[in-house]
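Please read the structure below before turning to the comments.
Rule-based calculations on the coordinates, nothing more; no lab input. Remember, predicted model here, so these are calculated numbers, not experimental data. We place every Cβ from the backbone using ideal geometry, glycine too, and count neighbours over all the protein chains shown.
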Amino acid sequence: MRKVTVFPKSNAAKKEKITGVLLGSSVIVLFLVGWELLFQFKLVNPLFISAPSRVVLALITIIEDGSLFENLTISAKEFAFGYGVAILVGFPIGIMLGWFKLIRAAFGPFIAAMQATPRIALMPLFIIWFGLGITSKIVIVLLSAIFPLIVNLQVAMSTIDNDLIHVARAYGATRWQVFRSIALPTSLPFLITGLRLAAGRGLLGVIVAEVFGGAAGIGYMIQYAGSTFQTDKVFAGVLVVAVTGITLDFTLDRLGRHFDRWRGEAAVH
Amino acid sequence: MKNGIAAVNPESSTLNGVVPSTVATQAVGELDGVVSFHKDVQQPVKFLDNRPVKLSVKNLVVGYLDKQSGHTMVAVDKVTLDIHEGEFVTIVGLSGCGKSTFLNAIAGLVQHQHGEIKVNDRIVTGPGMDRAVVFQKASLLPWRNVGRNITYGLELSGMKQAAARAKASYYVNLIRLNGFEDHYPHQLSGGMQQRVNLARALACDPEVLLLDEPFAALDAITRELMQNELLELCEKVGKTVLMVTHQIDEAVLLSDRVVIFSSRPAYVLADIRIPIRRPRKSLIKDSEEFRGLMNEIWRVIEGNANIGGGI
C-alpha cells in the first residue's frame, strides 16, 4: 500500500481537552478548599459537617488501626461472590432470553416483574432467611447485579445483524456455529455495559445491605460511625466506597475498549 | 401466453459447441489493437457445451407464503437451466421478478416446492460447501479482520485457522488483498469490502460461485472497476459462475450466456449466448456487437414488461 502522511491531531483539539481537565479539577479543588475554609473559620459545626483535613486524618486512623482493611475485606468478599454468581447465572439467562423466543415468552414477564421489585426492600426477609452474616449481603448483591446483565444480553441478541446470519447460513453454519461466531461477538460490548451497570448496582447493594442490617463491612462501619457522631469517619468510609466504584468502572471501561478495537475511533463514545 | 413471449434467440439455440463469431468487420478506429477480437474474426468463439454439466436445475418451482394474504405465492415457475463447467451465466430480469429467490434456492437458503437442483449430480437439499454466495451487501463480520473474514467460510467447515489461511492465500493474492489482512472492515472502502466478500466465497473453492447483484450497492466508477476485475479473475480461475444482476452491460461483459427471466412468477424468456471471444476487455462495451447484444436483451425484457405490466 502507498504510504501517506497522516497529520497529527490538531492543536485545537488538544487544547480543548486540557481546558476540560483543568476546569473539571479546579471545580473539585474549589469545593474542597471552600469546605475546609468553612471549617477553619468555625462557620460550621465540625460535629455535623467535618472537613477535608479531618476526613483525611480519620482515614489515616482507620488504616492504621486495621479496621478499614478488615471491613473492606468483608465487603469485598460479599461483593465478589454476589457479582461472580450474577455473571455466571445472568449471562446464560440473558443470552437464552434473547436467543430463544419461547423462553423469552415464558420467562420475560417474570423477570420484568422481578426487576421492578426494589430488592433492598426484601432485606428484612433475607436477614430472616440468611442471618446477619455475609450470605444475606451476597444475595442482595446477586439480585442487584444480575438484572442489568440479563437485560443487556437480551438486548444484545436482538441487535444481531440478520445479514450476517444469512451469510453464515449460506456457508452452511450450524445453529451453534451461528451462535458462536456471530451472536457471542455481538454480545461482547453489551456484556461490558452490563458488567459496568452491575458493578455499580452491586456496590450500592452491598453498602446499603450492611448499613441496613450488618455486623461488619464498610457499610456497617459507616452506619456505626454515623450513629456515634463520628462524622469524619462516615466521610472517610464514603470516600473509600466512591474510589472503589470509580476504579471498578474505569477498569471495566478499559476492558470494553480493548474488546472494541475493531469498531475504530469513529464509534468510540 | 408464456410461450408467446418466450423469444429464445433462434441463432444461439441452434449452436452446438463451436460457432464463428458474428463480429462486424468494420474498422474500429482508435480502439484498434486494444479490442483484439475485431482483428481475428475468423477465430471461433469457444462455447462450453461439451463440458460436463456442473449445475443442473430442472422444473424448479419456488413459492413463499405471503404473510398478508396468507396465500402461497409462486416466485419461480418451472425453471430449467443447465450450467456447464467453467461457464459464466447471468440472469437478468425486472426487479422483483424472482431471480434472487432462484439464486437463494440454489444456495439452499430457500426451500423449493417442486423440481430438482443438482451440483455435480448431487441433489441440493440445503446450504453446502459446494456452493458459495456473494451477496449485494458485503456483510463482513466487523470484529474480524480481513484475513479472518476471508477464512470464515473455511472455518465454518471445520478447518483450522492456519490451514484455512494457507488455502485462502491464493485468492488473497489474486484479488490483490495481500497487505490488508490485518485491516478491519470499517477501514475499507465499499469496493474493497466487496472484494473481501468475493475472496471469502472463492476461498471455499466452491464448485459453483453464486453472485447476487454483487456490485449493485457500489458507486458507478467502482462498479465498472470491479466488473473488470471480476472478468479478469474469472478468466484466470475458470470457475463456474451463476450471477444475478440488473445491469445488462454487466451481464453481457462477463457472461457466456445471459438468461432472461420474465416478470413474476419467473420463467425463462430467453437464453442468449454471448459470442465474444475471451479474454475480453471492458473496451468491448464500445463495439457494435456489444451494443447489439444489449439491445437484443433489452428488447426481450421490454416486451415482457409491456405485456405483463410487470413494472
| query | Would you pick out the residues in segment A:221-235 that are out of contact with any Ser or Thr (no Cβ under 6 Å at 6 or more places or on another chain) and among the hydrophobic types (A, V, I, L, M, F, W, C)? | reply | A:M221, A:I222, A:A225, A:F229, A:V234
| remark: Residues of segment A:109-143 being in a helix (DSSP H, G or I) and more than 15 Å from A:G213 (Cβ to Cβ), in sequence order, are A:P109, A:F110, A:I111, A:A112, A:A113, A:M114, A:Q115, A:A116, A:L142, A:L143
| note | Per the list (1) more than 18 Å from the chain's Cα centre (by Cα); (2) among the small types (G, A, S); (3) closer than 19 Å to B:N104 by Cα; (4) not in a loop (DSSP other than H, G, I, E, B), residue check on B:S139 breaks on (4)
| query | Based on what the data block shows, is B:G292 part of a helix (DSSP H, G or I), under 21 Å from the mean Cα position of the chain (by Cα) and more than 18 Å from B:V89 (Cα to Cα)? | reply | yes
| query | Any residue in segment A:208-224 that is free of Cβ contacts under 8 Å to residues at least 24 places away in the same chain, under 29 Å from A:V56 (Cα atoms) and of a type in the set (G, A, S)? | reply | no
| note | Of (1) assigned to a helix (DSSP H, G or I); (2) more than 14 Å from chain B (Cβ to nearest Cβ), A:I192 fails just (2)
| Considering only helices (runs of 4 or more DSSP H) fully contained in segment B:178-285, which possess at least 1 residues that are farther than 27 Å from B:C97 by Cα? | B:190-203, B:220-237
| query | Which residues, taken from segment A:136-170, are without any contact (Cβ under 8 Å) to a residue 60 or more places away in the chain and more than 14 Å from chain B (Cβ to nearest Cβ)? | reply | A:V139, A:F147, A:P148, A:V151, A:N152, A:V155
| request: Identify, by number, the condition in (1) closer than 19 Å to A:V167 by Cβ; (2) among the aliphatic types (A, V, I, L, M); (3) away from chain A (no Cβ under 14 Å) that B:L94 doesn't meet. | output: (1)
| field | A:A199 being more than 18 Å from A:P148 (Cα to Cα) and either away from chain B (no Cβ under 14 Å) or among the small types (G, A, S) (or both) | value | no
| request: Kindly indicate whether B:G108 is buried (at least 20 other Cβ atoms within 10 Å of the Cβ), without any contact (Cβ under 8 Å) to a residue 40 or more places away in the chain and either small (G, A, S) or away from every other protein chain (no Cβ under 13 Å) (or both). | output: yes
| field | Criterion (in contact with a Lys or Arg (Cβ under 6 Å, 6 or more places away or on another chain) and within 12 Å of another protein chain (Cβ to nearest Cβ)) met by exactly one of B:G158, B:G126, B:G153 | value | B:G153
| Test result for A:A173, facing chain B (nearest Cβ under 8 Å), farther than 21 Å from A:Y83 by Cβ and not in a helix (DSSP H, G or I) | yes
